[in-house]
1. What is the one condition in (1) more than 14 Å from chain B (Cβ to nearest Cβ); (2) touching a helix residue (DSSP H, G or I) at 6+ places or on another chain (Cβ under 6 Å); (3) outside any loop (DSSP other than H, G, I, E, B) that residue C:124 does not satisfy?
2. When only residues in the range B:1-37 that are closer than 25 Å to residue B:98 by Cβ and among the hydroxyl-bearing types (Ser, Thr, Tyr) count, which is nearest to the other protein chains (Cβ to nearest Cβ)?
3. What residue, among those in the range C:7-44 that are touching a Leu at 6+ places or on another chain (Cβ under 7 Å) and at pLDDT 95 or above, is farthest from the other protein chains (Cβ to nearest Cβ)?
4. Look at residue A:24 and say whether it is in contact with a strand residue (DSSP E or B) (Cβ under 9 Å, 6 or more places away or on another chain) and surrounded by 23 or more Cβ atoms within 10 Å (Cβ to Cβ).
5. Looking at A:50, A:86, A:81, A:97, which is the one that is in contact with a strand residue (DSSP E or B) (Cβ under 8 Å, 6 or more places away or on another chain), closer than 23 Å to residue A:387 by Cβ, in a loop (DSSP other than H, G, I, E, B) and not β-branched (Val, Ile, Thr)?
6. From A:249, A:244, which residue is part of a loop (DSSP other than H, G, I, E, B), more than 8 Å from every other protein chain (Cβ to nearest Cβ) and among the small types (Gly, Ala, Ser)?
7. Can you tell me which residue within the range A:175-213, out of those that are modelled with pLDDT of 95 or more, over 20 Å from residue A:76 (Cβ atoms) and in a loop (DSSP other than H, G, I, E, B), is farthest from the other protein chains (Cβ to nearest Cβ)?
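The values are calculated or read from the model by the stated rules, or taken from the named source; none is laboratory data. Quick caveat: nothing in here was measured; it's all calculated off a predicted structure. Ideal geometry is used to build each Cβ from the backbone, glycine not excepted, and the neighbour counts take in all protein chains shown.
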Amino acid sequence: MPSISSKEKPMDSMYYGDTLIVDLEAGRTGQVSFDEVDEAGPGLPAGLALYEKYKEFDPLIFGSGLFTGTPVPGACLGFVLGKSPLTGEPAVAPLNLFAGAEMKLSGFSMVVVKGASAKPVYLWLHDGVPDIEDASALAGKDTWDTTDGIRREMGEGLIQVICIGPAGEAGSDSAALSINYWGSGDTAALGAVMGRKNLKAVALRGLGMLDADEPEEFYDGALELLASAKVDTGFKSMCSALGAPDLDAWLSPIAHRRRACFACPATCATFVKYNEAPSVMESTDVEEPGMLIANAAAALWLMQGGWDVEAACRAMEAMAREGLDMVRGARELSETPLTDAGKITAAVKALEGSTAARWTVAEPAAPGLFGPWVPPLGGYESWLEANRIGYSLGICPTFLLLCGTDTSRLLELCVPAAGLETGQDEIAGMYG
Amino acid sequence: MRVKAKPLECTGCALCELACGYHWDEAFSLISSSIMLYRAEEKKDYMGLIVKTDEDLFIGRPEGAEAVKLGDLQKGGKGGGASAKPILIREACDLCESSGLEPQCVAVCPHGALYLE
Amino acid sequence: MKGRTRRAASHPALAGYAAAFKSVPSVAVYCGAGASHSWIWFTDLLERLGIFDVRFVSHGEILHGGALDASDFLLVGGGDTYEMAGSLGEEGAAIIEEFVRDGGLYHGSCAGAYLVLDGVDLEPFTPFRLITGDMLNVMHEPPPARCLEHKYLAPYGRDWVFHPVYGEVELRPGPAADGLSVVNAARPLGAPLFGGPVLRIPDPQCRLADYAGVTDRAAFLWPRVDAERLITGRQAVAVRSLGEGTVVASGPHLEHPLFPLANALLAAVFARHHQKRVAAGPLPRATGETRARIEPDRVAPIAGYEVALLEIKRQVSNARIVGSGLEKMPVTWKIGVKVWEPEKIRMFLEYAWDRLPYLQDYAARGLPIPIRKLEALALGYGEVTGLAKTLKLAVESGEDSQAEAQTLLTGLKELTASFLSLYFRLRLEEQWRTAARYRGTDAHG
């Protein structure tokens, strides 16, 4: 499954062989040895090194962290890295839920997408096979129809689809990439970058296995961290730590079930139902009963703007479908609460996205590599460290901040994982 | 004694699948465990758990859980069937006895969605 | 390799058998009519023994293609015994018997064992009488099954063949195992019983292994104590000499890749037979060294092979992904008397998937592969992907998917045999090349 060429290199046990280079202009792919992981560090540092290497091609880098896809708690994280149209600087968007894990399992250590395609395409990355597929039939479709379309075409409902909606296709600065149906933490308009490249989606699925160098020691360490994680279900502890009102209580009339990202004991997402009763547990004929509320920042804006909970969730669904930055969109919508579904849809389509993305409880930080997807908990230095470690190791930074993770113990796991000795200072150094 | 599920406590994190797959293969994947998350109806948020044993399947659907004998034919997409014998892909649950450990899926589940009975 | 198979493959019990097969036997694995999926397990066994002169043969190739003329071993696994016997017929039975009498080894597991028992006195089995023995798991009115009803019974005239236990059983060596180093009378070895016979073998010298008991890793279609009482002490594996050859009939699947001790027992029997034959003089059948070397169908640059191999990988991957989605769907299909589960689709695909890197590496070294064969495989796996998607849609919409499943599974079985035939051919070429380098000669000199 991996390329034979790079299997003897360090850290290959937790990554599959090579870096995939996708030239959308030429309609071709190639593979190169994943040297950056040894030269720059795992995860995002490697991605940044690749970004620098291919900078002239306005690249989008898709990747994952060292532990992504393993049972280390919170090991769900992948990323998309590119030059944000909003700042002109590199910025990262998280791939969480199951997308990060599937990014790791897709069979490529990193994916560099350069250039632009003349016609709409999507990447189908599966078990080390890179396919550039025609996306003409998906052009103009919202993210929900796009996800359904690709899953139907490839015959598998577990394919993870990183896609854009009409906003991304139009190159709007408000565009965000979406993970399947649910939007994402993209506040850097990387969805617009995908749109400019005519890259409608990146579809991921892999049936492989990840090996640790010392599997027993690694597994035991992961379980130790899991046992010590202080976890509350729902948004309660996050809201409490932020000094924000209780999102759980606001969502409760339409809350169906709590959901977690891959390998994460926390439950930072709630599925709400408003097209059927939230108490309905069986699979009915209602194909689209509601929405996964995974973007707490966006939800807080609407809640604190006085929106009715159902209307607010419909608005978030509309933004997710369009492929819009839900935080900026919610901030804008918060000023004018609506209840009529038609007016909500129209208001979403009319969003200007002129304001900066931030949480209701914090002033906007200077835009940088890491956007405000991770809540501003514990002070800037803690927040920055959580992002750096999180994106390197593939651990959700919100989990690191919220659940009392012993960071030193986490970093020690790099040794049985991949023979990598590292520490907080070393990780910080990887970011320059 | 067998592994059972309280489906509504499950949050879909797949830690149980990872732990079980590790028990069988000493590697991390979602393709070789005896316990499986059924999550193919994502838009409906319809999600359940299936535990395969030698003789039956424990199917933990959100609307209720039951043990279903292997080979009982069902048509329609309401949860899973699985092969009757280990054919290199999914082994029947052995409560992690072959590793000499307590059942790992129960141990790792952060929300008590799995238990022994 | 996955952890379980990796551990089994490196079990010390299997060490040393490669030397026994230095003069490589030519092996035919039956995958024709009636063969289900367990024939594929012989792949792992033969790889572990370093035997790469392997062909996957249909009933037609046995009847009309002279498949056994060039073979030293014929291995027949599980499936639908009626279909096997009916398709091979009297002529096939005669060919197999002549093959054995002339010095060949016949090994039958499960259906392949039922096939050759002379006590199975029912058409179309009567022409197949290679081993004196009977099956004990026959009743006129078997009690209801506790579980696995769909696996419990097979018709046998006015009676029923029944299966009291499905899964791992324990075996103890019998008198015919004397002298086999793998055998430890003090310690039973495990092997999986998936519908194979509980034997009655009158001649003690033909009893290779008996059932010593059951294990927790099994489904009990009868209450456990009754199942245990039925099988314990009965014969599980029989072996006999017939003419110049050997017949082995086994209830359990000794070839199953997760049971290395069972593999070793089978390997020991194969080795004993083969060494005796080699000592008796040149094998009457064509040996590996006289098979023609591979010539490419046309000269193709390495890039041509890479494109074809990538297409195979692409389609096997696509099909695997669809197959994995089917596994959790509550559906099975009945083809003949056998029940097929969705998991078997991916099982066939995994065998190709795990061996594709070898083909890619082979091509990357500039070694010749018949490009037309690769192209045919690529086309075949593309069709499999399409069929799998159609099947999944049918299952998801609650339609009857029997016809689609039958087409897919039949085609996939043949395609897998074709893939593995190529794979083994390349491994054999490599084996010759290595041996020639060692001898300091050309690969065929």
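1. Only one criterion is unmet by residue C:124, namely (3).
2. My answer is B:29.
3. As a first pass, look at the range C:7-44 and keep what is touching a Leu at 6+ places or on another chain (Cβ under 7 Å): C:8, C:13, C:17-18, C:21, C:27-30, C:42-43.
Imposing the further condition that a residue be at pLDDT 95 or above reduces the set to C:27-30, C:42-43.
Values: C:27: 21, C:28: 23, C:29: 17, C:30: 18, C:42: 14, C:43: 11 Å.
My answer is C:28.
4. Working: in contact with a strand residue (DSSP E or B) (Cβ under 9 Å, 6 or more places away or on another chain): yes; surrounded by 23 or more Cβ atoms within 10 Å (Cβ to Cβ): no.
Here the answer is no, as residue A:24 does not meet what is asked.
5. Numbers: A:50 fails: in a loop (DSSP other than H, G, I, E, B); A:86 fails: in contact with a strand residue (DSSP E or B) (Cβ under 8 Å, 6 or more places away or on another chain); A:81 fails: in a loop (DSSP other than H, G, I, E, B).
Of A:50, A:86, A:81, A:97, the one residue that is in contact with a strand residue (DSSP E or B) (Cβ under 8 Å, 6 or more places away or on another chain), closer than 23 Å to residue A:387 by Cβ, in a loop (DSSP other than H, G, I, E, B) and not β-branched (Val, Ile, Thr) is A:97.
6. Details: A:249 fails: part of a loop (DSSP other than H, G, I, E, B).
Exactly one residue qualifies, and that residue is A:244.
7. This residue is A:189.
Table: residues versus (1) in a helix (DSSP H, G or I); (2) in contact with a strand residue (DSSP E or B) (Cβ under 8 Å, 6 or more places away or on another chain); (3) without any contact (Cβ under 8 Å) to a residue 24 or more places away in the chain.
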site: A:328; (1), (2), (3): yes, no, no
site: A:335; (1), (2), (3): no, no, no
site: A:348; (1), (2), (3): yes, yes, no
site: A:357; (1), (2), (3): no, no, no
